[in-house]
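Everything below concerns the one structure shown next.
Computed from the coordinates by the stated procedures, all read-outs in this text should not be read as laboratory data. Bear in mind the structure is a predicted one, so any value in this text is a computation, not a measurement. Cβ placement follows ideal geometry from the backbone for every residue including glycine, while neighbour counts extend to all protein chains displayed.
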Amino acid sequence: MHEQKAIPSIWVTWLSRLIADEIQCVWSVWFRTHFKYEKLNTNFDSAAWNANHRILVNRRINILEAEGYTVYVEGENRFEVLGRDHLVKVAGKPDIIAIKDNYAWVEDCKTGQRKNSDFYQILIYLLLLPISLAPCQGLSVQGRLIYRDEVVEILAVQVNDDFRAQFRAAIAILSNTTPPRKVPSFQECRFCDISAQYCSARVDTYSTQASSEHDLF
């Protein structure tokens, strides 16, 4: 059985994917926001991801500490921000926060394919960290995406009115008590940890109908 959360909780990575339009079935994210449930094992190889991610994070820690930064890592950086009237909260855990003098860099390390949601994830951190995480308060906070072969800087000035509007719109969708419609597909469902016990529309087998033969061409 699933249990309703006392306060709907939205993880930053979900928000960034929603803003970047990388999620077909928004219902799945809405469900995660509102309910605790027994998660289904998926095809995602978490062990391999964790190993590769840890290598990249450790490499960045060594570089930053050699440059004289004070470095905070993962669990040290967890934050929660309650929205207006405490109706919803946003939570996150940046990989790295590096501080020197009056400057702070929030960094996220990416080992996989580059996605637009990477950029929005950093923007959300730049929006929320100065008001939610003590080490960042009162500092000039900028962002970086750390890929295996490149470092991409994202500046606080990019948190503009358009982005704030996108952020608020995504929050409104996920915090609403009325769920969005389900849009099931094998491509998304095979990586989704919400089982058929909670989602009767789940698609677990690939349909060959889309590749059937026609005499039209």
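For this structure, a couple of remarks:
- Separation of the Ala51 and Ala6 label points, Cα + 7 Å toward Cβ, nm: 4.0
- Counting only GluC sites (Glu not before Pro) that DSSP places in a loop and that have at most 12 other Cβ atoms within 10 Å, the longest clean stretch of the chain runs over 68-149.
- Straight-distance crosslink candidates among lysines, where the alpha carbon sits under 30 Å from Lys39 and sequence neighbours closer than 8 are dropped: Lys5, Lys89, Lys93, Lys110, Lys115, Lys182
- Taking the longest Cα principal axis of the chain as reference, the axis of helix 46-66 is set at about 20 degrees.
- Each Lys and Arg contributes +1 and each Asp and Glu -1, all at the Cβ; summed about the Cα centre of the stretch 1-107, the dipole is approximately 240 debye.
- Estimated FRET transfer efficiency when R0 is 25 angstrom, pair Tyr198-Phe44 (beta carbons, to 0.05): 0.85
- Dipole magnitude of the chain about its Cα centre (Cβ charges: Lys, Arg +1; Asp, Glu -1), debye to nearest 20: 500
- Between Leu155 and Thr205, the simple spin-label model (points 7 angstrom out along Cα→Cβ) gives 5.6 nm.
- Inter-label distance, Arg148 to Glu188: 2.9 nm, where each label sits 7 Å from its Cα along the C-beta direction.
- The overall shape of the stretch 142-190 is oblate: from the C-alpha gyration tensor, with semi-axes ordered a ≥ b ≥ c, the ratio a/c is 1.5 or greater and a/b is no larger than b/c.
- Dipole of the stretch 3-211, positive direction: furthest Cα of Ser132, Ile10, Ser46, with charges on the beta-carbon: Ile10
- Full extension of the chain between Thr70 and Leu216 yields a length gain of 46.1 nm, computed as 0.36 nm times the residue separation minus the alpha carbon distance.
- Prolate/oblate/rounded label for the stretch 76-132 (Cα gyration tensor, a/c 1.5): oblate
- Across the chain, the mean sequence separation of Cα contacts (distance under 8 Å, 6 or more residues apart), normalised by length, yields a relative contact order of 25 percent.
- Spatially proximal aspartates and glutamates relative to Lys100 (Cα-Cα < 16 Å; intrachain offsets below 8 disregarded): Glu65, Glu67
- Cα shape, the stretch 71-187, gyration tensor, a/c 1.5 rule: oblate
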